[in-house]
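Below: one structure, written as structure tokens.
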Amino acid sequence: MTTVTEEQQSLPTDDLKTVPLGDLIVGRKIEKPIFDTHGVLLLAENSVITSEIKQALKQRGNLKVCVHKQDLKRITLDSQNACDNIKAVHFDSELTKKIDSIVDAGLITVSNKGPAVKDGVVFLGRKGYDKDQRDRLMNEHNKNGRALGDMISEALHGEPMDGSIVATMAAQYLKEMTTDTDNVLTSAIDQFQEDDIASRSLEVALLAMAIGIEMDLDAENSRHLAMAGLVHDWGMMRVPAEIRTSKKRLNNVEMLEIKKHPIHSLELLQHVSALPRVISVIAYQVHERMNGSGYPRGRCGHSIHPFARILQVADAFVGMTSPRPYRPPLMRYAAMECLILQARERFVDPEVVRCLLKIQSLFPIGSFVVLTDGSIAQVLRRNRDYYTQPIVARVQDAEGNKVDHNADENILDLHETGDLKVAQALPTPGSNEAEPSEDYYYSNLDKPPV
């Protein structure tokens, strides 16, 4: 029987096409070898694809494989489109040429001018959320969501706007972050139920700011990162509604419209005064990918601004955990697993994902878990580098009885509770959250982000 092999080889990249593992047709014979995305030989030439081989590859995390173009038509499900996927959007203007020249010149480095914000962030341990701050955050979310929605509407009508509005929002949230990052992030989950551009941009901006703080950014850089998150997706409103709300996988023509939206965002931002120049560069690059598979220009690695790489991860996490017209939200734990896999496959920056783990834990704050004693808890806080041992608040005992989650005995640091650990991740009650399938690992990369 043909078996999966592991042998590092130099890939003939011009002759290979990366395809989802699920597209391979069982029973078909390959004439050329199949590799993983790192160049490791998976199947030798003249092998037959079997369900056992596909399952073995899936268990090893090989959800995408590199197939020779000579074999594509015969062994994949998408034969008519396999060789002509759109890799870059040719939608040039003086504006995009100007941004591209900045990137090509290597002028996208980041340096701090002041101390890292992280130095002033207090680790709160088993302390619950402050109610006054929670109420204040809810009010800020409502007010800022409306203001951001108004700005998007004005931009679409070509009206001039004052960029100090988003600068003020970023400064407000930075102050709240230094007081209690976990409270800020979970309040955003509770608040933003509608999946619209404004509310989703707010949640992405907050998560990106938290990641940036963990990556030792100073105050100015943290604010710039959040500002970019607040404005990066405005161009989606220029994409036809029937595409934005599609319940089916988009074809190449429809995806081309999606891939134009960063350029639309870039154009809309020209109506916003007093925005630092770097904001436009970041917004333009959020949907690029570390391995060059993103859009609009197919940039890769260090040709993508560091803040855009942070926003890639924040945008993907919020996108996967938000409902879409074509699918329910993904469980927060499953979304974290997806991003870890994507980091391994170089879709996203591994260092950014590591910092996301530090601020969320493997069982992200706000999510629900079963503990090994049978009780149910909600993840309250991250626990520094103890990714699998967050601080939780028990909400039910092992018999299913409701308990006071604010009581001191029910707030648990799982790093200090001996044998008490997380046994299972649960969907949020009433959320219709889904567990992952193979398709979910890459769904946020090839479907509309709203």
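Tabulated data for the structure shown
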| item | result |
| --- | --- |
| Interatomic Cα distance distribution for the stretch 13-75, bins of 10 angstrom, percent | 24, 65, 11 |
| Gain upon complete extension [Asp100, Leu250; 0.36 nm per residue less C-alpha separation] | 51.3 nm |
| Ranking of Phe363, Phe123, Phe35 by count of other Cβ atoms within 10 Å, fewest first | Phe123, Phe35, Phe363 |
| DSSP beta bridge pairing in the chain, given as percent antiparallel to the nearest 5 | 90 |
| Listed residues Ser375, Ala425, Asn139: farthest to the positive end of the dipole of the chain (Cβ charges) | Ala425 |
| The stretch 94-359: Rg to Rh, with Rh as the Kirkwood radius over Cα pairs | 0.94 |
| Taking the stretch 13-75 and dividing mean pair separation by its residue count, relative contact order in percent (alpha carbons under 8 Å, at least six apart) | 48 |
| Residue pairs, from the table Lys32/Lys54; Lys17/Lys259; Lys113/Lys143; Lys175/Lys358; Lys98/Lys143, whose Cα atoms sit over 23 Å apart | Lys113/Lys143; Lys98/Lys143 |
| Viscosity 0.692 mPa s, 37 °C: Kirkwood-radius Stokes-Einstein D of the stretch 122-279 over Cα pairs, µm²/s | 198 |
| Estimated dipole of the stretch 318-423 in Debye, rounded to 20 [Cβ of Lys and Arg +1, of Asp and Glu -1, Cα centre] | 640 |
| The stretch 94-359, dipole about Cα centre (Lys/Arg Cβ +1, Asp/Glu Cβ -1), debye to the nearest 20 | 680 |
| Dimensionless Rg/Rh of the stretch 292-348 - Kirkwood Rh, Rg from C-alpha atoms | 1.00 |
| log10 of Debye I(q)/I(0), alpha-carbon scatterers only, for the stretch 97-149 at 0.24, 0.30 Å⁻¹ | -0.92, -1.05 |
| Per-residue Cβ neighbour rank within 10 angstrom, fewest leading, Val65, Val122, Val392, Val286 | Val122, Val65, Val286, Val392 |
| Tail beyond 38 Å, pair distance distribution of the chain (Cα, percent) | 26 |
| The chain, helix-only ellipticity at 222 nm - DSSP H runs n ≥ 4, -39,500 (n - 2.57), divided by all residues, nearest 500 | -13000 deg cm²/dmol |
| Under the span-like rule (Cα at least 20 Å along the axis, Kyte-Doolittle mean at least -0.5), DSSP H helices of the chain | 164-191, 197-214, 306-320 |
| Lys, Arg +1 and Asp, Glu -1 on Cβ, resulting dipole of the chain about Cα centre, debye, nearest 20 | 840 |
| Which of Phe317, Phe368 has the fewest Cβ neighbours within 10 Å, and the rest in rising order | Phe368, Phe317 |
| Listed peptides 208-218, 98-108, 48-58 by packing density, highest first (mean Cβ within 10 Å) | 208-218, 48-58, 98-108 |
| Relative contact order (%) - criterion: Cα under 8 Å, at least six apart; region: the chain | 13 |
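Quick note: the coordinates plus some simple rules give every number you see, no bench work behind them. For clarity, every value in this text was computed on a predicted model and none was experimentally measured. Note: ideal-geometry Cβ built from the backbone for every residue, glycine included; neighbour counts use all protein chains shown.
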